[in-house]
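Visitor: Okay, here's the structure, questions in a sec.
The values are calculated or read from the model by the stated rules, or taken from the named source; none is laboratory data. All figures in this text were calculated on a predicted structure; none of them were measured in a lab. Cβ atoms come from the backbone with ideal geometry, glycine included; neighbour counts cover every protein chain shown. When the accessible area is computed, the model is the full protein with side chains, heavy atoms only, and any ligands, DNA or RNA have been set aside. Shrake-Rupley method; radii C 1.70, N 1.55, O 1.52, S 1.80 Å.
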Amino acid sequence: MADHTRPFDAVIVGAGFAGMYMLYRLRGMGFSVRVFEAGSGVGGTWYWNRYPGARCDVESMQYSYQFSEELQQEWVWSERYSPQPEILRYANHVADRFDLRRDIRFDTRVHSAAFDEAANCWVVEMGDGERVSATHCIMATGCLSSANMPRIPGIDSFEGATYHTGRWPHEGVDFSGKRVGVIGTGSSAIQSIPLIAEEAAHLYVFQRTPNYAIPAHNQKLDPEYQAAIKADYAGLRARAKATIPGLDFNFNMASALSVSEEERQREFEARWAYGGLPFIGVFGDLLLDQRANDLAAEFVRGKIRDIVHDPDTAEMLSPTNVIGCKRLCVDTGYWATFNRPNVTLIDVGGEPVEAIIPAGIRAKGQEYAVDAIVFATGFDAMTGALLKIDITGAGGRRLTDKWREAPKTYLGLGIAGFPNLFTITGPGSPSVLTNMLPSIEQHVEWIADCIFYLRDQGLNRIEAAAEAEESWVAHVREVAGFSLRSTCSSWYVGANVPGKPRVFMPYIGGFPAYVQKCDAVAANRYEGFTIG
Ligand code: NAP
């Protein structure tokens with residue numbers, strides 16, 4: 001592709017669900033747009049995370065675009081929780097259906113983006129040195145896309161094969177007859193461990209912190225159920241948007257402390273039988289009152305003791321932290337996997353594994369010989385993918401410097417000092433605490449309307465004002481403090497990446513309150529932004 005001398009109206013970084021819809025929306029408004037994507041195909045998260053058992057923890061009928069009624073009517077999901085290959089097929093279907101590929105450049109990693117004040121445009125440079133310029137630069141880089149490889153001593157000395165769940169080989173991995181070590185027990189590990197255990201000769205699970213997991217009870221989607229939802233898809237979408245996580249499920253607003261022990265257990269059992277993330281909605285004060293949280297946590301620990309035969313293993317697997325503080329995991333057969341004779345749990349007691357050695361893994365003074373290591377060690381969440389790009393704003397200020405102490409944004413959409421730069425589901429927006437698809441759509445539509453407004457008014461520059469940003473950051477912190485969610489060492493606070501600033505990054509005030517705020521800002525001529 002030749003150098004683009006005339007600036008694009010917008011450059012979009014990333015062709016996951018955010019970048020794809022952003023392209024569709026802006027192109028539909030007559031803007032010139034180019035998308036750059038490091039992968040060889042669309043799908044973002046679902047392009048990279050191909051580990052065994054990868055599937056969405058939001059129900060299929062809700063984890064999909066709603067901007068096109070035809071699309072949501074024609075697409076047929078096969079399971080209650082979609083497996084990764086099916087979501088990737090859906091992403092490809094969307095790309096084909098809306099003819100998106102002609103404006104996406106694949107296999108191209110964006111290396112830097114610098115704001116040229118004189119020309120009022122962004123100069124975006126690729127890994128191969130090619131440069132393009134655009135009035136607006138939109139980061140659709142994803143919240144969980146920058147793989148976190150732990151700095152374990154000796155990591156390069158290992159003589160076997162290594163994998164990260166977030167960068168899984170496209171051709172798959174055959175673990176038959178192999179001794180495998182999985183490091184980590186977060187969502188990715190909890191989904192992949194039962195399947196790896198079925199294949200491997202022996203599986204060693206290295207656990208730093210035990211996690212809560214609720215059964216998915218995944219099943220084939222009943223066509224009648226699907227048809228009933230499609231008959232009033234708008235109704236389901238509207239109900240979802242009225243809830244804090246942007247998900248249509250039943251929230252019990254009662255306090256866990258206000259009901260009898262019998263009723264409490266009935267509610268817990270009903271949620272366990274229903275399965276998945278709705279467990280968090282079992283009582284209204286689950287994430288607000290430690291006593292309510294303790295009751296739910298003990299219920300799940302009871303389930304672990306029921307399922308896992310060996311009492312010592314059950315004890316090691318039982319989390320003691322706040323349930324729902326880290327993202328709740330949704331599993332299929334995770335706890336029962338530890339009853340298999342070919343599975344060994346090694347609890348490293350809150351510490352990282354000691355070392356990787358040529359023949360395997362050393363933990364708590366003991367060496368475990370393995371043929372392959374799976375790093376299920378998560379992501380440098382929310383800021384990692386943005387800071388990997390060398391972003392320079394007005395006056396030559398680097399985003400890495402601005403965010404040294406903590407990520408600061410206005411609404412997770414704009415950044416003071418970085419004119420005409422937008423982030424989709426950036427830090428300071430509800431993003432990862434909500435169903436990502438409606439959150440993405442809301443951001444995309446807000447950004448597209450904003451760029452349209454600027455063009456309509458004959459303007460071409462918008463920048464978050466420093467005071468508006470400061471007060472939004474303060475609000476994000478204040479509301480985070482009301483929830484037990486901000487109290488543990490999770491990736492929400494950057495605790496999983498050594499040296500990362502400890503600050504609760506997503507906005508916890510809920511989808512409806514956030515949308516109301518964004519709408520009010522737009523209605524008041526982009527209040528809190530300086531435009532010109
Ligand atoms: P994660 O939740 O951050 O889990 C990483 C695991 O690796 C943790 O158990 C962590 O222990 C451990 N770990 C990290 N560094 C280590 C070290 N040096 N030594 C030993 N253990 C170490 O990552 P994830 O499982 O990939 O999930 C991240 C997020 O992606 C999820 O919370 C979810 O939002 C999303 N996700 C969703 C799905 C789904 O839709 N079903 C599936 C997968 C992921 P500590 O807990 O002690 O830090």
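Visitor: Compute the signed sum of charges (Lys and Arg +1, Asp and Glu -1) over the other residues within less than 12 Å, Cβ to Cβ, of Ser486. Before the final figure, lay out the partial values.
Guide: Numbers: positive: Lys326, Arg477, Arg485, Arg502; negative: Glu478.
Here the charged neighbours net out to +3.
Visitor: Strictly greater than 21 Å: what percent of every Cα pair in segment 1-68 meets that?
Guide: Here the tail beyond 21 Å accounts for 38 percent of pairs.
Visitor: Same structure again: If Met29, Met149 are ordered by their accessible area, calculated over protein heavy atoms with a 1.4 Å probe, which sequence runs from highest to lowest? Don't skip to the answer; put the middle values down first.
Guide: On the way: Met29 45, Met149 90 Å².
Most to least solvent-accessible, the answer reads Met149, Met29.
Visitor: For a Förster distance of 22 Å, can you work out the FRET efficiency between the beta-carbons of Val348 and Asp289, rounded to the nearest 0.05?
Guide: Plugging the Cβ-Cβ distance into 1/(1 + (r/R0)^6) gives 0.10.
Visitor: Please work out how much length the chain gains when fully extended from Lys517 to Glu261, using 0.36 nm per residue of separation minus the C-alpha to C-alpha distance, in nm with one decimal.
Guide: 88.2 nm
Visitor: Summing Lys, Arg as +1 and Asp, Glu as -1, what charge do residues with Cβ under 14 Å from the Cβ of Leu317 carry, Leu317 excluded?
Guide: Details: positive: Arg208, Arg301, Lys303, Arg305, Arg340; negative: Asp306, Asp310, Asp312, Glu315, Asp331, Asp347.
Value of the local net charge: -1.
Visitor: Tell me the angle of helix 261-274 to the major Cα principal axis of the chain, expressed in degrees between 0 and 90 and rounded to the nearest ten.
Guide: Relative to the chain, helix 261-274 is tipped by roughly 70 degrees.
Visitor: Quick one: Debye curve from the alpha-carbon atoms of segment 246-330 only, equal weights, vacuum; give me log10 I(q)/I(0) at q = 0.14, 0.23 Å⁻¹ to two decimals.
Guide: Results for segment 246-330 at q = 0.14, 0.23 Å⁻¹ read -0.47, -1.21.
Visitor: Another one. What are the ³J(HN,Hα) couplings of segment 339-353, residue after residue, when phi is run through the Karplus curve with 6.51, -1.76, 1.60 and θ = phi - 60°? Round to Hz, x for glycine and proline.
Guide: Couplings: 8, 6, x, 9, 10, 10, 9, 10, 8, 8, x, x, 9, x, 4 Hz.
Visitor: Can you give the direction-averaged projected area of the convex hull of the alpha-carbon atoms in segment 459-527, in nm²?
Guide: 6.1
Visitor: Sort 473-482, 378-387 by the packing proxy (mean of other Cβ within 10 Å over each peptide's residues), most packed first.
Guide: 378-387, 473-482
Visitor: Also, I was wondering about something else. Using the heavy atoms of the protein chains alone and a 1.4 angstrom probe, what is the accessible area of the chain per residue in square angstrom?
Guide: It amounts to 40 Å² per residue over the chain.
Visitor: Take every Cα-Cα pair in segment 88-158 and report what % of them are more than 14 Å apart. Each step should come with its number before you reach the end.
Guide: Numbers: 1868 of 2485 pairs.
Percent of Cα pairs beyond 14 Å in segment 88-158: 75.
Visitor: Estimate the FRET efficiency between Ser40 and Arg305 by the formula 1/(1 + (r/R0)^6), using the beta-carbon distance for r and 51 Å for R0, to the nearest 0.05. Each step should come with its number before you reach the end.
Guide: On the way: r = 46 Å, r/R0 = 0.90.
E(calc), rounded to 0.05, equals 0.65.
Visitor: Using per-residue counts of other Cβ atoms within 10 Å, averaged over each peptide, order 191-197, 60-66 from highest down.
Guide: For the peptides 191-197, 60-66, the packing ranking is 191-197, 60-66.
Visitor: For the Cα atoms of the chain, what angle does the longest principal axis make with the long axis of helix 436-456, in degrees from 0 to 90, nearest 10?
Guide: 10
Visitor: Would you calculate the separation in nanometres between label points at Ala270 and Ala201, each defined as 7 Å from the Cα along the Cα-to-beta-carbon direction?
Guide: In this crude label model, Ala270 to Ala201 measures out at 5.0 nm.
Visitor: Another question about this same structure. Net charge around Lys178, counting only other residues with Cβ within less than 9 Å of its Cβ (Lys, Arg = +1; Asp, Glu = -1)?
Guide: That sum, taken over residues with Cβ under 9 Å, equals -2.
Visitor: Over the Cα atoms of segment 73-199, compute the convex hull volume and normalise it per residue, giving Å³.
Guide: 200
Visitor: Please list the non-local residues whose amide H lies under 5 Å from the amide H of Tyr410, H modeled 1.01 Å from N, same-chain partners needing a gap of 5 or more.
Guide: Amide H neighbours of Tyr410: Ile415, Ala416.
Visitor: Compute for segment 335-425: radius of gyration divided by Kirkwood radius, i.e. Rg/Rh, restricted to C-alpha atoms, rounded to two decimals.
Guide: We get a ratio of 1.22 for segment 335-425.
Visitor: So, one more: Taking just the alpha carbons, could you work out the radius of gyration and Dmax for the chain, both in angstroms?
Guide: When restricted to the Cα atoms of the chain, Rg and Dmax are 23.2, 71 Å.
Visitor: Mind running the shape call on segment 139-216? Use the C-alpha gyration tensor, a ≥ b ≥ c as the square roots of the eigenvalues: rounded below 1.5 for a/c, prolate if a/b tops b/c, oblate otherwise.
Guide: In terms of gyration-tensor shape, rounded.
Visitor: Please compute the Kirkwood hydrodynamic radius over segment 287-334, one decimal place, Å, based on all pairs of different Cα atoms.
Guide: This gives a value of 11.5 Å.
Visitor: What is the projected area of the convex hull of the Cα atoms of segment 397-441, averaged over all directions, in nm²?
Guide: 3.4
Visitor: Now, a different point. Just the C-alpha atoms of segment 234-389: what Rg/Rh do they give, with Rh taken as the Kirkwood radius? The partial results should precede the final answer.
Guide: Numbers: Rg = 19.4 Å, Rh = 18.7 Å.
Across segment 234-389, the Cα-based Rg/Rh ratio is 1.04.
Visitor: Determine ³J(HN,Hα), in whole Hz, for all residues of segment 20-32 in sequence, where each value follows from phi through the Karplus function 6.51 cos²θ - 1.76 cosθ + 1.60 and θ = phi - 60°; x replaces Gly and Pro.
Guide: Each residue's phi maps through the Karplus curve to give 5, 6, 4, 4, 4, 5, 5, 4, x, 8, x, 8, 8 Hz.
Visitor: If you line up the long axis of helix 466-480 against the longest principal axis of the chain, both from Cα atoms, how many degrees apart are they, to the nearest 10?
Guide: Value to nearest ten degrees: 20.
Visitor: Same structure again: Starting from the exponent 0.38 and prefactor 2.2 Å, build the expected Rg for segment 377-532 from its residue count and divide its actual Cα Rg by it. Walk me through the intermediate numbers first.
Guide: On the way: Rg = 15.2 Å, N = 156, 2.2 N^0.38 = 15.0 Å.
So the Cα radius of gyration is 1.01 times the expected 2.2 N^0.38 Å.
Visitor: Determine the shape class of segment 27-100: with a ≥ b ≥ c the square roots of the Cα gyration tensor eigenvalues, call it rounded for a/c under 1.5, and otherwise prolate if a/b is greater than b/c, oblate otherwise.
Guide: Details: a/c = 2.54, a/b = 1.31, b/c = 1.94.
Cα axes put segment 27-100 in the oblate bin.
Visitor: Give me the number: length gained by fully extending Ala254 to Asn524, i.e. 0.36 nm times residue separation minus the C-alpha to C-alpha distance, one decimal in nm.
Guide: 93.5 nm
Visitor: Continuing with the same structure: Using only DSSP helix segments of four residues or longer, with each worth -39500 (n - 2.57), what per-residue ellipticity at 222 nm results for the chain after dividing by its residue count and rounding to 500?
Guide: It comes out at -9500 deg cm²/dmol, rounded to the nearest 500.
Visitor: Provide the FRET efficiency to the nearest 0.05 for the Lys220-Ala118 pair, computing r from the beta carbons and using R0 = 45 Å.
Guide: For R0 = 45 Å, the calculated efficiency reads 0.15.
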